[in-house]
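Trainee: Following this message is one structure expressed as structure tokens.
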Amino acid sequence: MTVLIDIESHEHHLSSRASGAADAKASPGRREEYLDIGLVNNMADAALMSTERQLFDLLDAAAGRLCVRLHFYTMESTPRSDWGRDYVRRYYRGMGDLLNGRLDGVIVTGAEPRASCLTEEPYWSTFAEIADWATENTVSSIFSCLAVHGAVLHLDGIPRHKLPAKCFGVFAQTKTWHHPLMQDVPRTFRIPHARWNEVQEEDLSDCGYQVLTWSTEAGVDCFVKPQKKSLFVHFQGHPEYETQSLLGEFRRDMGRFLRGENEVCPTIPRGYLNEGAEEILIAFRQKAISGRQPELFAEFPVDRLAKDLSNVWRLPAQRIYRNWLLYLASQRAGRSKSSGARDETFSAARRHGRRLVAARSAHPARAQAR
């Protein structure tokens, strides 16, 4: 098994996915045999387990012959229910364990915005500590969705911008640089997005970030920047999402609308459903708007909508994460020979990366996958 989970209990739901393999505590092995990766899971209680599963499965598909040991961490300042607090108490480590150690890589997830300003989020000070820690104590760090906005705000003062409508759907991305993280990734591919805010390319470029993928509809997706000792990788989208993740998010938002918890009826995810399924969802949405009542939620046609969904982003997502794991392995091997040495492949890519200018036209060419 290429991915091990470092937990105390074998009752964790991922144990069955690990095919009964012993967890990393029981079979620690030699340090050089594993890539130690932390998951700082800041998702809401309802998404804790699905986020673990999504990233576990993606890492497992990407690892190949590499061995990964996955560690779970929680920010104690993240608001949770009694169930959520009990769950993270059983399966997660606290910030003290993270901030007093080192990891090869860390993945930091976002969360639904609760405050109008990021610095007013209940976990902000802890999040800032994590970002600072990661610059010195990881080879590379991945930030996802809202965590992206927090990282660039804290480290470079780049603000997020509120979108006029939720960026929601599966959008075509075009590679804008020949960068090692994009090795073997098609020139044009599609990635899910689900967010109310964005950071803009001009702000990122002014602060030394390198935008790797960009979309005419969704804007910037993946971008990178070395932060002290760590390569920071940012995804405004969600390469880790499963096939039905966007459908589940729409259904959740529709439930909130029908119960009166949200006054905005959710928009239909773009580029996600086939024509027949989209017609079904349009009809249900119109019914919800015209006769808004909680009981209508029971009629949500989830089975009819889910049966023809396809995961068109899985292979490019797997390749990107594969390249990230290879970077961790090669960089760590180089540092073991010469402490603090930088990986020549990646530093050369930063010095001499070639921008794909076509991606900046008003209608970038949709090249065939290569």
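The values are calculated or read from the model by the stated rules, or taken from the named source; none is laboratory data. No experiment lies behind these values; they were computed from the predicted model shown. FYI the Cβ positions are ideal-geometry reconstructions off the backbone, even for glycines, and counts take in every protein chain you see. SASA here: full protein model, heavy atoms, side chains in, ligands and nucleic acids out. Shrake-Rupley method; radii C 1.70, N 1.55, O 1.52, S 1.80 Å.
Trainee: In terms of modelled amide H atoms, which long-range or inter-chain residues lie less than 5 Å from the amide H of Ile142?
Mentor: Val106, Ile107, Val108, Val233
Trainee: Give, rounded to the nearest 20 debye, the magnitude of the charge dipole that the range 159-200 has about its Cα centre when Lys and Arg contribute +1 at Cβ and Asp and Glu contribute -1 at Cβ.
Mentor: 160
Trainee: Can you give the log10 of the normalised intensity I(q)/I(0) at q = 0.13, 0.16 Å⁻¹, computed with Debye over equal Cα scatterers of the range 153-310?
Mentor: For the range 153-310, the Cα-only Debye profile gives -0.70, -0.94.
Trainee: While we're here: Per 0.36 nm of contour for each residue apart, how much would the distance between Trp196 and Lys307 grow if the chain were fully extended, relative to their Cα-Cα spacing?
Mentor: Extending this stretch completely gives an extra 37.2 nm.
Trainee: Mind giving me the FRET efficiency for Glu11 and Glu76? R0 is 30 Å, r the Cβ-Cβ distance, nearest 0.05 is fine.
Mentor: Once the sixth-power term is evaluated, E becomes 0.85.
Trainee: Compute the length gained on full extension between Arg252 and Asp97: take 0.36 nm times their separation in residues and subtract their Cα-Cα distance, giving the result in nm to one decimal.
Mentor: Full-extension gain reported as 52.4 nm.
Trainee: As I understand it, the dipole of the chain uses +1 on the Cβ of Lys and Arg and -1 on the Cβ of Asp and Glu, about the Cα centre. Which of His12, Phe300, Val185 lies farthest toward its positive end?
Mentor: Val185
Trainee: Would you list Asp82, Asp6, Asp132 from the most to the least accessible area, probe 1.4 Å?
Mentor: Correct descending sequence by accessible area is Asp82, Asp132, Asp6.
Trainee: How large is Rg/Rh for the range 78-133, to two decimals, with Cα atoms and a Kirkwood Rh?
Mentor: Result for the range 78-133 is an Rg/Rh of 0.97.
Trainee: Return the sequence-ordered ³J(HN,Hα) values of the range 158-164 in whole Hz as given by the Karplus equation 6.51 cos²θ - 1.76 cosθ + 1.60 applied to θ = phi - 60°, using x for Gly and Pro.
Mentor: My calculation for the range 158-164 gives 8, x, 8, 10, 5, 8, x Hz in order.
Trainee: Diagonalise the Cα gyration tensor of the range 264-335 and give the resulting equivalent ellipsoid semi-axes, square root of 5 times each eigenvalue, largest first, whole Å.
Mentor: Each semi-axis is √(5λ); the values are 42, 14, 10 Å.
Trainee: Now, a different point. What do you get when you divide the Cα radius of gyration of the range 211-264 by 2.2 N^0.38 Å, with N the number of residues?
Mentor: Here the answer is 1.63, to two decimals.
Trainee: Based on the mean of other beta carbon atoms within 10 Å per residue, what is the order of 154-167, 63-76, most packed first?
Mentor: 63-76, 154-167
Trainee: Quick one: grab Rg to one decimal and Dmax as a whole number for the range 112-183, Cα atoms only, in Å.
Mentor: Rg then Dmax for the range 112-183, in Å: 14.6, 39.
Trainee: Still on this structure, I have one more. What whole-number value in cubic angstrom gives the convex hull volume per residue for the C-alpha atoms of the range 36-137?
Mentor: Taking the convex hull of the Cα positions in the range 36-137, it is 103 Å³ per residue.
Trainee: State log₁₀ I(q)/I(0) for the chain at q = 0.15 Å⁻¹ as given by the Debye formula over alpha-carbon point scatterers of equal weight, solvent excluded.
Mentor: Values returned for q = 0.15 Å⁻¹ are -1.49.
Trainee: Now a separate question. Give the dimensionless ratio obtained when the Cα radius of gyration of the range 78-237 is divided by 2.2 N^0.38 Å.
Mentor: Ratio of Cα Rg to 2.2 N^0.38 Å: 1.06.
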